[in-house]
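The values are calculated or read from the model by the stated rules, or taken from the named source; none is laboratory data. Everything quoted here is computed from the prediction, not taken from an experiment. Backbone-built Cβ (ideal geometry, glycine too); neighbour counts: all protein chains shown. Side chains are part of the model used for accessible areas, which takes the heavy atoms of the whole protein and leaves out ligands, DNA and RNA. Shrake-Rupley method; radii C 1.70, N 1.55, O 1.52, S 1.80 Å.
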Amino acid sequence: MHLFFLIIALILLLNNCGGGTNSDNTNIDEINNTTYTQTNININNTIAIRFLNKSTFGATTNDIKQLQKDGVEKWLDNQISKPIKEDIYLRKMISLAKQAEPDAYSATIDEYLDDNNIVFNKEKASFHSPRYRMTSWFDNALTEDDQLRHKVAYALSQIIVESDFEPIFTRRAEALARYFDILYKNAFGTYKQLLKDISLNSGMGMFLTFNGNKKLYQNDANISVYPDENYARELMQLFSIGLNKLNIDGTAQKDSKGNLIPTYTQEDVNQLARVFTGWDLQENSKYGLIGFTRGDLTHPLEFTDIYHDYNEKKLLGETINANLSGKEDIFRAIDIIMSQESVAPYISKNLIMRLTKSNPSSQYIKRVATVFKNTQGDLSKVIKAIFLDQELWDDLQNNNTIKFKEPLIAYTQFLRAMNVKPLNSWYFCGYGAPIDDNASNCQIITNSYLFNDTRKYLEQGAGLAPSVFNFYDNDFIPNDSNLQEKNFHTPELQIQSDTMIINFNNNIYTILSHWEEGYILQSKHDDGNGTLVQYENIDNMIKDAPRTSNVPIYYIGADKLLLNTQEEYDLMEMIIDGNINGDFINLQDYRQSDYHDDEKALKALIEFENNKLTGGLLSKEQMDVIYEALKDKIYNKYNGNTKKYQIFTNTILPVIRAIVSSDIYMVE
């Protein structure tokens, strides 16, 4: 069954999946007072799951209960009011690095974070730093309780893009950890402050090449060298006002001849580039020189006045006075940019598309953009407006397909639904393996995940965009005449290639078969005396991994986590045995023709997973397909493995895999 074309077919069958309601029934005075349009409705499990899958990295049982108890606005307020955890991405990255390579990282976390000459990862420039950074990101996405803040930070990372497309970051990935800390900290602040902070970010200085920028000068060949324009251009084009002027509802402004009106000129780029002169990495012994072991990528850029252009500048019709300090120059430029009328609709539409809906109506954009405009870009108010808008709730109530899941978000939702948690311990052996049963050449890592580059099975990853233009084009429409006729944008489908779908499905199998707790404890191993036995607990299995060559426990390329499907085991055993003691004593061989409790349990499992993973949106026909494929060989008494082992391999694993790989799961 070809998932990509199933998804396309699904779109064509939906009549209401485009722009949603076009009626604007919101009183303008309510908008001005940032009062929102969502009305009180009954939040059933389906709606709760769909809402939480947009506002978090995946709905959990506790999240659903809390949302239904609080109601939407209170839930949002509680999420927004949760305190900021300072430097959370960088702290977690450094913590893992210190465990894995203690000799290379001997300072304390606070010493690395203090503004001093102790620079994290400058001397080592570890090849493993991308792993430490990716693990930090997943740890936050999967386990932190301020889910909305982290989800908004991720959405912002697809508007204000910084990525490992910069080669230095492949060994100095702390730059991306600090970048996410900035997005996380400002997720509910003002957009203006976010632009100010990101404009002083050392990683952004390297990524968009304005670190080491100098005012106009003549080089040794007597050629005029102008300031680098890269960041200046993208600050306007991608991070704030877009290419063309917009009305408050996101529609394009046009001149008297019907032409689009550019938001800026090349001269504006030239002038803004002059603002970003005189900035370089801290702890860099030679201004502007870059390298794997040069500079500090965890602290803001530092200013060197001799390279700065102090002359007057003209930007977007406004004046930046001469002789301002370096920061004053930047902040004045951002004030001018933020005063442009296109900022509110441009950023509002981008946030809507990343968080809730790929094809919002112009009225949805208008309502959110008006809140943005009237609150001077207060993102806490903007995010509430996005999630409380009546258009979104009409779509949720009507089960409209309004967005396709990014592969990364589909993955985090799966992991959270499977009760993911860190391993109590695992072995870090660098690129090697244990040399003895005690793994004396390895470090023991405690209470930590490990995540590697996700592009090999998701075609994307946090901070891994292939360019400053993100993973996909917001205006992408597949090569299908019906979608093109409806102008239905599906940006996420741009990276959902055939290869990605296959790799994603295979990775779900790998993760479940390697890291599901009940399955691991039912697996048998040689006790060293030729007898096959089972482990009593996960810790014993980990401790024994060097002796048994349990590769995923120490191979650096294998992600490390723990999943738990005990709910699924209990559900099936209650039907088969009438209890949940784990022995499945009444489970019979599939060849016993008069035995049907296993099939009843399988049906219950499919319905349970459908409700858990999609909110019950799989049709009866789709569930029947899964049931018919699995019902005949649930337990084979001659297999040699335990009943619980076979329950997992023959029912739980394939049912989860089938649903997570389905067209219904991959849409929002």
Q: Can you run down the residue pairs with Cβ atoms below 8 Å, 6 or more apart or on separate chains, where the first is in the range 183-202 and over 22 Å from Gln237 (Cβ atoms) and the partner is aromatic (Phe, Trp, Tyr)?
A: Tyr184/Tyr89
Q) So which pairs qualify, if the first residue must be in the range 82-104 and free of Cβ contacts under 8 Å to residues at least 24 places away in the same chain and under 15 Å from Ile118 (Cα atoms), the second must be surrounded by 15 or more Cβ atoms within 10 Å (Cβ to Cβ) and aromatic (Phe, Trp, Tyr), the Cβ gap must be under 8 Å, and the two must be at least 6 apart or on different chains? A) Lys98/Tyr105
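Identify, from the list Asn529, Asn505, the residue that is open to solvent by 30 Å² or more (accessible area, probe 1.4 Å), among the polar types (S, T, N, Q) and part of a helix (DSSP H, G or I).
On the way: Asn529 fails: part of a helix (DSSP H, G or I).
It is Asn505.
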(Q) If Tyr449 satisfies all but one of (1) open to solvent by 30 Å² or more (accessible area, probe 1.4 Å); (2) in contact with a strand residue (DSSP E or B) (Cβ under 7 Å, 6 or more places away or on another chain), what's the number of the condition it fails? (A) (1)
Q: Could you please let me know if Ile365 is among the β-branched types (Val, Ile, Thr), touching a Gly at 6+ places or on another chain (Cβ under 6 Å) and either in a helix (DSSP H, G or I) or modelled with pLDDT under 95 (or both)?
A: yes
Q) Picking from Lys560, Lys543, which residue would you name as being surrounded by 20 or more Cβ atoms within 10 Å (Cβ to Cβ) and basic (Lys, Arg)? A) Lys560
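Could we say that Ala252 is more than 14 Å from Lys215 (Cα to Cα), within 31 Å of the chain's Cα centre (by Cα) and in contact (Cβ under 8 Å) with a residue 40 or more places away in the chain here? Break it down into steps so the answer makes sense when it comes.
On the way: more than 14 Å from Lys215 (Cα to Cα): yes; within 31 Å of the chain's Cα centre (by Cα): yes; in contact (Cβ under 8 Å) with a residue 40 or more places away in the chain: no.
No.
Yes/no matrix, rows are residues, columns are (1) closer than 18 Å to Thr298 by Cα; (2) in a loop (DSSP other than H, G, I, E, B); (3) among the charged types (D, E, K, R):
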residue: Asp115; (1), (2), (3): yes, yes, yes
residue: Leu142; (1), (2), (3): no, no, no
residue: Glu162; (1), (2), (3): yes, yes, yes
residue: Arg172; (1), (2), (3): yes, yes, yes
residue: Leu176; (1), (2), (3): yes, no, no
Q: Starting from the range 612-640, take each residue that is under 15 Å from Leu653 (Cα atoms) and list its partners that are open to solvent by 60 Å² or more (accessible area, probe 1.4 Å) and at pLDDT below 95, counting only C-beta distances under 8 angstrom and pairs at least six apart or across chains.
A: Lys633/Tyr590; Ile634/Tyr590; Tyr635/Tyr590
Q) Looking at (1) touching a Ser or Thr at 6+ places or on another chain (Cβ under 7 Å); (2) farther than 18 Å from His299 by Cβ; (3) surrounded by 20 or more Cβ atoms within 10 Å (Cβ to Cβ), which is the only condition Glu101 fails? A) (3)
Q: Kindly indicate the residue of the range 57-69 that is outside any loop (DSSP other than H, G, I, E, B) and open to solvent by less than 30 Å² (accessible area, probe 1.4 Å) and also farthest from Leu613 (Cα to Cα) among those meeting that condition.
A: Leu67
Q) In the range 508-521, which residues are among the small types (Gly, Ala, Ser) and either over 25 Å from the mean Cα position of the chain (by Cα) or open to solvent by 40 Å² or more (accessible area, probe 1.4 Å) (or both)? A) Gly518
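Condition first: part of a helix (DSSP H, G or I) and either farther than 29 Å from Pro83 by Cβ or among the β-branched types (Val, Ile, Thr) (or both). Now tell me which residues in the range 370-388 satisfy that.
Hits for the range 370-388 are Thr370, Val371, Val382, Ile383, Ile386.
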**Q.** Set Leu272, Leu246, Leu315, Leu289: member being within 30 Å of Asp164 (Cβ to Cβ) and open to solvent by less than 60 Å² (accessible area, probe 1.4 Å)
**A.** Leu272
Q) Does Asn78 qualify as being closer than 16 Å to Leu297 by Cα and out of contact with any strand residue (DSSP E or B) (no Cβ under 7 Å at 6 or more places or on another chain)? A) no
(Q) Which pairs turn up if I take residues in the range 424-447 that are assigned to a loop (DSSP other than H, G, I, E, B) and look for partners that are of a type in the set (S, T, N, Q) with beta carbon separation below 6 Å, at least 6 apart in sequence or on another chain? (A) Ile435/Asn441
Q: Being part of a loop (DSSP other than H, G, I, E, B) and aromatic (Phe, Trp, Tyr) is the filter; apply it to the range 205-235 and report the residue that is farthest from Lys314 (Cα to Cα).
A: Phe210
(Q) Would you confirm whether or not the range 125-133 contains a residue that is surrounded by fewer than 20 Cβ atoms within 10 Å (Cβ to Cβ), of a type in the set (Gly, Ala, Ser) and at positive phi? (A) yes
Q) If you take the residues of the range 335-357 that are outside any helix (DSSP H, G or I) and over 20 Å from Ala153 (Cβ atoms), which of them is least open to solvent (accessible area, probe 1.4 Å)? A) Ser342
Q) Exactly one of (1) closer than 25 Å to Gly205 by Cα; (2) in a loop (DSSP other than H, G, I, E, B); (3) free of Cβ contacts under 8 Å to residues at least 40 places away in the same chain is unmet by Ala125. Its number? A) (3)
Q. So how many residues does the range 269-295 have that are more than 30 Å from Gly242 (Cα to Cα) and of a type in the set (S, T, N, Q)?
A. 4
Q) Out of the residues in the range 358-371 that are within 24 Å of the chain's Cα centre (by Cα) and surrounded by fewer than 24 Cβ atoms within 10 Å (Cβ to Cβ), which is farthest from Glu668 (Cα to Cα)? A) Asn359
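Of the residues Ile647, Ile556, Ile626, only one is among the β-branched types (Val, Ile, Thr) and within 30 Å of Ile444 (Cα to Cα); which?
Working: Ile647 fails: within 30 Å of Ile444 (Cα to Cα); Ile626 fails: within 30 Å of Ile444 (Cα to Cα).
That would be Ile556, the only listed residue that is among the β-branched types (Val, Ile, Thr) and within 30 Å of Ile444 (Cα to Cα).
Could you tell me whether Glu162 is among the acidic types (Asp, Glu), open to solvent by 10 Å² or more (accessible area, probe 1.4 Å) and at pLDDT 95 or above? Before you say what the answer is, go through the steps one by one.
Details: among the acidic types (Asp, Glu): yes; open to solvent by 10 Å² or more (accessible area, probe 1.4 Å): no; at pLDDT 95 or above: yes.
Taking the combined requirement at face value, the residue does not satisfy it.
Of the residues in the range 426-444, how many are open to solvent by 60 Å² or more (accessible area, probe 1.4 Å) and either in contact with a strand residue (DSSP E or B) (Cβ under 6 Å, 6 or more places away or on another chain) or closer than 18 Å to Leu561 by Cα (or both)? Walk me through how you get there before you give the answer.
So in the range 426-444, the residues open to solvent by 60 Å² or more (accessible area, probe 1.4 Å) come out as 431, 435, 437-438, 440-441, 443-444.
Retained after the next criterion (residues that are either in contact with a strand residue (DSSP E or B) (Cβ under 6 Å, 6 or more places away or on another chain) or closer than 18 Å to Leu561 by Cα (or both)): 443-444.
Looking only at that region, the number is 2.
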Q.
So, in the range 435-456, how many residues would count as being touching a Pro at 6+ places or on another chain (Cβ under 6 Å) and over 19 Å from Ser549 (Cβ atoms)?
A. 3
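Specify which of the listed residues (Ile241, Ile223) is out of contact with any helix residue (DSSP H, G or I) (no Cβ under 9 Å at 6 or more places or on another chain) and at negative phi. So that I can check it myself, show each step before the final result.
Numbers: Ile241 fails: out of contact with any helix residue (DSSP H, G or I) (no Cβ under 9 Å at 6 or more places or on another chain).
After applying the criteria, what remains is Ile223.
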Q | Single condition Ser23 does not satisfy, out of (1) within 22 Å of the chain's Cα centre (by Cα); (2) small (Gly, Ala, Ser); (3) at pLDDT below 95 | A | (1)
Q. For the range 582-604, does any single residue satisfy the condition of being of a type in the set (Val, Ile, Thr) and open to solvent by less than 50 Å² (accessible area, probe 1.4 Å)?
A. no
